[in-house]
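Student: Handing you a structure now.
The values are calculated or read from the model by the stated rules, or taken from the named source; none is laboratory data. This is a predicted model, so every value here is computed, not measured. For neighbour counting, all protein chains shown are included, and Cβ atoms are generated from backbone atoms with ideal geometry for every residue, glycine included. These accessible areas exclude ligands, DNA and RNA; they are computed on the full protein's heavy atoms, side chains included. Shrake-Rupley method; radii C 1.70, N 1.55, O 1.52, S 1.80 Å.
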Amino acid sequence: MNKKNHVNKNRDLWTSKWGFILSCIGSAVGMGNIWLFPSRIAAYGGAFLVAYLFFDVVIGFSGVIGEMSFGRKARSGPIGAFGAACASKGEEKRRLGSAIGAIPMLGALALAIGYSVVMGWIFKYLAGSFTGSTLSYGSDIHDVSGYEAAFGSTASAFGNNVWLLVALVCTFLVMALGVAAGIEKANKIMIPLFYVLFISLVVYVAMQPGAGAGYAHIFTIQTEYFKDPMLWAYALGQSFFSLSLAGNGTIIYGSYLSDKEDIVSSAWKVALFDTLAAFLAALVIVPAMAASGIRDFSGGPGLMFIYLPNLFASMPGSRIIAVIFFLAVLFAGFTSLVNLFEAPVATLQDHLRFSRSRAVAVIAVIGTAVALCIQGIVSQWMDFVSIYVCPLGAGLAGIMFAWVWGKKAVEEAVSLGRKRPVGRWFYPLYKYGFCILTMVVLVAGAVFGGIG
């Protein structure tokens with residue numbers, strides 16, 4: 001162990017480039033792709049898709065590359081990485097950097113705890129899809145109000161203890177196996193299956209009468225929407241949060257990456273497949289809603305747990321459709337949850353020298369205790385973390401890497417593993433473009449009550 005750099009050189013590594021890429025895709029593809037992106041498309045049509053793709057390119061080729069490279073160069077999560085950046089200006093400043101790095105690390109833990117509550121809901125609805133209870137088979141619930149009441153009881157305080165515990169146990173069992181044997185293998189299975197399942201839903205929905213109106217809406221670009229500043233704010237927020245940038249998860253996954261791998265090549269693949277996941281969700285949900293005569297709908301948990309079960313119940317083969325949908329959603333959510341919990345777990349390993357099993361056990365106890373208690377306020381909990389802590393963490397990571405560690409360190413880190421050094425375009429795009437955008441996300445989120 002190199003005491004000067006405070007880095008554990010014996011830490012676990014990904015076994016393959018695609019194992020890393022699939023794990024990063026897993027961390028990026030989550031609920032925002034499924035319950036928010038389709039509603040934005042429903043509101044703005046193809047204009048939102050254009051704006052979203054613009055920000056995806058900018059953020060994918062700046063923030064994603066930057067956080068991956070930052071983690072790999074420091075061989076640590078945010079606490080170690082921020083500390084190393086500050087230590088480049090003098091060893092006595094390492095402690096200050098480490099203290100600042102605790103902000104995104106704690107943000108990852110808080111977001112993971114809230115996300116685990118959502119995963120408990122998904123496990124319950126998946127199980128109910130097999131039995132028919134999710135679609136209210138054999139009951140008197142036949143409209144939205146009935147599904148809303150059913151979800152309300154699930155999302156109440158201590159309303160879903162059993163399935164929440166199931167979600168947490170499954171998550172920590174995978175994490176206890178380690179990065180390569182647990183996280184990487186899980187993502188290699190779950191992420192391809194996620195795409196297969198959603199593609200099958202796309203094909204099914206395409207055969208439903210009236211679905212064509214949904215496709216027409218998705219691909220119609222009404223240029224007047226480009227004058228609406230909220231279109232750009234929502235597109236920025238969607239891209240930012242969907243790519244899992246918060247100064248924690250992407251940094252920690254990058255820290256497990258071999259020096260031989262080309263991060264630029266990996267980053268654009270992650271951004272591409274994350275966008276594909278969101279687009280597939282839109283190709284399922286928007287045409288399905290259109291087939292039922294619904295053009296405008298809001299996103300969030302209500303879409304997934306209230307309106308979609310109500311919609312599925314009216315479709316042929318409803319139980320099979322519900323099973324496929326919630327199984328795909330479970331894969332997306334599970335891989336994201338593992339990524340969020342990895343930052344605090346790795347922190348205990350790197351800085352307190354905990355064994356993997358002990359670190360996972362400690363975070364499991366903390367995560368479980370808090371998650372059980374916040375079930376009734378999880379919406380407010382998640383809003384606070386996503387609006388304030390996530391963009392702050394991403395901005396701090398950008399400042400630490402680009403502004404504090406500096407141009408030479410950044411370009412060397414990004415160029416590592418490439419056949420030729422990264423172009424001159426990267427550093428100014430990352431230092432100015434990405435860092436400014438993170439501040440825009442923070443301010444816009446605070447002003448508008450969340451934009452992603």
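Residue-by-condition table, conditions (1) in contact with a strand residue (DSSP E or B) (Cβ under 8 Å, 6 or more places away or on another chain); (2) assigned to a helix (DSSP H, G or I); (3) polar (S, T, N, Q); (4) without any contact (Cβ under 8 Å) to a residue 40 or more places away in the chain:
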site	(1), (2), (3), (4)
80	yes, yes, no, no
85	no, yes, no, no
93	no, yes, no, yes
100	no, yes, no, no
111	no, yes, no, no
114	no, yes, no, no
117	no, yes, no, no
134	no, yes, yes, no
145	no, yes, yes, yes
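Student: Would you pick out the residues in region 212-233 that are crowded, with 18+ Cβ neighbours inside 10 Å and farther than 27 Å from residue 333 by Cα?
Tutor: 217, 225, listed by residue number.
Student: Then there is this: Note down all Cβ pairs under 6 Å where the first residue falls in region 295-319 and is over 20 Å from residue 154 (Cα atoms) and among the polar types (S, T, N, Q), the second is buried (at least 20 other Cβ atoms within 10 Å of the Cβ) and at pLDDT below 85, and they're at least six residues apart or on different chains.
Tutor: Here the result reads 318/135, each pair linking region 295-319 to a residue that is buried (at least 20 other Cβ atoms within 10 Å of the Cβ) and at pLDDT below 85.
Student: Right, here's the next one. Hey, could you check region 150-195 for residues that are open to solvent by less than 20 Å² (accessible area, probe 1.4 Å) and out of contact with any Ser or Thr (no Cβ under 9 Å at 6 or more places or on another chain) and say which is nearest to residue 374 (Cα to Cα)?
Tutor: 154
Student: Mind listing whichever residues of region 335-362 are in a helix (DSSP H, G or I) and open to solvent by 10 Å² or more (accessible area, probe 1.4 Å)?
Tutor: Hits for region 335-362 are 340, 347, 348, 349, 351, 352, 356, 357, 358, 361, 362.
Student: Can you name the number of the only condition in (1) touching a residue at least 40 places away in the same chain (Cβ under 8 Å); (2) more than 19 Å from residue 28 (Cα to Cα); (3) assigned to a helix (DSSP H, G or I) that residue 422 fails?
Tutor: It fails just one condition, (3).
Student: Give all pairs with beta carbons closer than 6 Å in which a residue from region 168-179 that is in contact (Cβ under 8 Å) with a residue 24 or more places away in the chain and farther than 22 Å from residue 118 by Cβ meets a residue that is open to solvent by less than 50 Å² (accessible area, probe 1.4 Å) and charged (D, E, K, R); count only pairs at least 6 apart in sequence or on separate chains.
Tutor: Here the result reads 178/356, each pair linking region 168-179 to a residue that is open to solvent by less than 50 Å² (accessible area, probe 1.4 Å) and charged (D, E, K, R).
Student: Identify the residue in region 258-303 that is farther than 30 Å from residue 423 by Cα, assigned to a loop (DSSP other than H, G, I, E, B) and of a type outside the set (Phe, Trp, Tyr) and, among all such residues, is least open to solvent (accessible area, probe 1.4 Å).
Tutor: 300
Student: Next question, about the same structure. Look through 169, 205 and report the one residue that is modelled with pLDDT of 95 or more and either within 21 Å of the chain's Cα centre (by Cα) or assigned to a helix (DSSP H, G or I) (or both). Break it down stepwise before answering.
Tutor: Numbers: 205 fails: modelled with pLDDT of 95 or more.
Result of the check over 169, 205: 169.
Student: Let me confirm something: among 97, 66, 80, which residue is buried (at least 22 other Cβ atoms within 10 Å of the Cβ) and touching a His at 6+ places or on another chain (Cβ under 7 Å)?
Tutor: 80
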